[in-house]
Amino acid sequence: GWTNLFITKRQRELFDLMVKNGIYSNNIDVKWASISINDRVTVDYVVKTYAEIPDSAITWTESDIRAYYNKHKKDRDYKQETSRSVEYIKFPVVPTSGDSADVRNSLLSLSDQLKSAPNDSAFATTNATTPGLAYRAYTFGSLAEPFNMQVLTDTVGDLVGPYSEGSSLKISKITKRVEEVDSVQARHILLKEKGDIAKVKADSLKKVILKENNFAAMAAIYGTDGTKDKGGDLGMFARGNMVKEFENACFNGKVGEVQIVETSFGVHLVEVTKKNAPRLVTYLSTIDKPIEASPATRTAAYNQVSEFTINYGDSASFRNAADTLNGGVPINPAKNIRPNATNISGLSNADKVVQWAYSSKVEVGEVSPPLQVESQWIVALLTEIKEKGVPTLENVYDRVKDEVIKDKKAEKYAEMMKSGATLQDIATAASSTVKRGENITLKSTNIPGSGVSQPENELIGVCFGLKKDFISSPIKGKGGIYVVQRTADIIEGSSADNYASDRENLANSLQSRAGMGIFNSMKEEANIVDNRFEQN
């Protein structure tokens, strides 16, 4: 039961803490970490990026693509997890004019009862779709005309509406007009203790504050929230911005009065420091009804979507139909959806779409039946199936093709760039220019200003490993082909405190990753497979 769960949880926490506390950074680790950040080098270089070289400059075949795939399919970069990819079309279910008329009629049927109700706020709360907003002070200008002016000029007991706000229709009754304070300023001390202990402590603090007039000082010592450094000051706030008990104490209390208030947050010492002058406030009792599609409208929408899936049940007709449906509707791609995902790209609460995509009976190119997601219908097309492990060539064809093209470009330009007495000669041969890269560190992912965003780890290593004034052989990188010449000695960094701060920073970094590392290791060792997504 819960006891065993708690024991297991505590054992895990202690194990994690033991491993974390056992991690430290030795002198070699610390020195290397410091060198990788602080040592710097400057190089001159020539780069021909793959983006600069047109694909038409080289040739490749399907045999090249298959050979590359067979050689690299088990590489870590190609290791894949189980996923599905889909394209989908949204079919919103839109209320008709008849639906809006029905909502209006239902509001009108309640209007006489609201007008004559002895407790209109209670009647509105009972019949409103949003009870929390059924009774509240009216904010000038929050309604469109003529309803705004009607609230201000009509008498208490009159009805306003029906009027629309957002996706709802509303009808309101002017319940009362009163002179009242609409905003106050207060300060408080929220105690960390609970229950009777907190009340006793609050009472003691109150006596000290009343005697010494030192609320701000006490807040700085005993406050437990973000206001403690401001003497407990909450600033000015209007009605409706605080929990009810706190609000009542502030708006009903006198300026300078210190009160003890208990809320869901704990026990507070509260002092009102300022009140705005009273003004005339109008209160409305409001019944709201959302403008929603009726069952008949939903049925008609379903029939339309169902007909779509029957008539356009393959990928080609699915895409062609989307281009012409209602003048053209967007097809939304959602790639690499993991098992048991609840959201997909562009769509929340998409469980039904995910379950369909993972059904064992669904194949690539198949179109789904109508799938209801909240207030709309979804029709999806399964475009890709990936299973964990080594990918099929089909799954990674585009990636492999891109790498083959890069290899062909690198092969051609490496040959052009491998000879030349100077970097300028090499730049001329490659139709490029000589550039300078400065302040490069071992932590750099590429040379600043090279025009390449991909990480170039081998290139950075060459920059540091190359002898001064030597010109490197062409280097095939992730984003281009490079030739490098180191023009100066490495500028070695230094430590002001003999690596003490580096040692602490490195240890903290390693320890912060320990918990997740342990979890991932246990997960991998347990070899747990989550099959909840599988459908029959």
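Within region 74-83, is even one residue without any contact (Cβ under 8 Å) to a residue 24 or more places away in the chain and not basic (Lys, Arg)? Within region 74-83 (the criterion being without any contact (Cβ under 8 Å) to a residue 24 or more places away in the chain and not basic (Lys, Arg)), the answer is yes, since at least one residue qualifies. Across region 332-364, which residue is modelled with the lowest pLDDT among those that are loosely packed, with under 14 Cβ neighbours inside 10 Å and in contact with a helix residue (DSSP H, G or I) (Cβ under 8 Å, 6 or more places away or on another chain)? Here the answer is ASN340. Checking each residue in region 322-331 for being among the hydrophobic types (A, V, I, L, M, F, W, C) and modelled with pLDDT of 90 or more picks out only ILE331. If only residues of region 391-425 that are over 30 Å from ILE331 (Cβ atoms) and in a loop (DSSP other than H, G, I, E, B) are counted, the one that is least open to solvent (accessible area, probe 1.4 Å) is GLY420. In region 305-331, the qualifying residues are those that are open to solvent by 80 Å² or more (accessible area, probe 1.4 Å) and of a type in the set (D, E, K, R), and the one that is nearest to SER345 (Cα to Cα) is ARG319. Scanning region 372-390 turns up one or more residues that are farther than 21 Å from LYS90 by Cα, out of contact with any helix residue (DSSP H, G or I) (no Cβ under 8 Å at 6 or more places or on another chain) and either without any contact (Cβ under 8 Å) to a residue 60 or more places away in the chain or assigned to a loop (DSSP other than H, G, I, E, B) (or both).
Select from region 10-31 the residues that are open to solvent by 100 Å² or more (accessible area, probe 1.4 Å), among the charged types (D, E, K, R) and more than 34 Å from the chain's Cα centre (by Cα) and list them in ascending order. Across region 10-31, the qualifying residue is only LYS31.
The set of residues from region 240-271 being part of a strand (DSSP E or B) and farther than 23 Å from ARG136 by Cα comprises VAL255, VAL258, GLN259, ILE260, VAL261, GLU262, GLY266, VAL267, HIS268, LEU269, VAL270, GLU271. Taking each residue of region 150-172 that is on the phi > 0 side of the Ramachandran plot and looking for partners that are open to solvent by 20 Å² or more (accessible area, probe 1.4 Å) with beta-carbon atoms closer than 8 Å, six or more apart or interchain, yields GLY157/LYS115; GLY161/PHE147; GLY161/LYS170.
Scanning region 274-304 for residues that are touching a residue at least 12 places away in the same chain (Cβ under 8 Å), open to solvent by 10 Å² or more (accessible area, probe 1.4 Å) and out of contact with any helix residue (DSSP H, G or I) (no Cβ under 9 Å at 6 or more places or on another chain) yields LYS274, ASN276, ALA277, PRO278, ARG279, LEU280, ARG298, ALA301, TYR302, GLN304. THR428 satisfies every condition listed in (1) crowded, with 20+ Cβ neighbours inside 10 Å; (2) of a type in the set (Val, Ile, Thr); (3) outside any strand (DSSP E or B) except (1).
In region 175-186, the residues that are under 19 Å from MET236 (Cα atoms) reach residues that are assigned to a loop (DSSP other than H, G, I, E, B) and open to solvent by less than 40 Å² (accessible area, probe 1.4 Å) with C-beta atoms within less than 9 angstrom, at least six apart or across chains, in these pairs: VAL184/GLY253; ALA186/GLY232; ALA186/GLY253. Set side by side, the residues VAL94, VAL151, VAL103, VAL160 differ, and just one is of a type in the set (A, V, I, L, M) and open to solvent by 40 Å² or more (accessible area, probe 1.4 Å), which is VAL94.
Within the option set TYR78, TYR45, TYR68, being open to solvent by less than 60 Å² (accessible area, probe 1.4 Å), touching a strand residue (DSSP E or B) at 6+ places or on another chain (Cβ under 8 Å) and of a type in the set (Phe, Trp, Tyr) holds for one residue only, TYR45. Candidates are the residues of region 435-450 that are open to solvent by 60 Å² or more (accessible area, probe 1.4 Å) and not in a loop (DSSP other than H, G, I, E, B); the one that is farthest from LYS31 (Cα to Cα) is LYS435. Scan region 106-124 for residues that are open to solvent by 20 Å² or more (accessible area, probe 1.4 Å), among the aliphatic types (A, V, I, L, M) and farther than 13 Å from ASP288 by Cβ and jot them down. Scanning region 106-124 gives LEU108, ALA122.
The values are calculated or read from the model by the stated rules, or taken from the named source; none is laboratory data. Predicted model only: the values in this text are computed from it and were never measured. Because the Cβ atoms are built from the backbone with ideal geometry, glycine has one as well, and the counts that use them run over all protein chains shown. When the accessible area is computed, the model is the full protein with side chains, heavy atoms only, and any ligands, DNA or RNA have been set aside. Shrake-Rupley method; radii C 1.70, N 1.55, O 1.52, S 1.80 Å.
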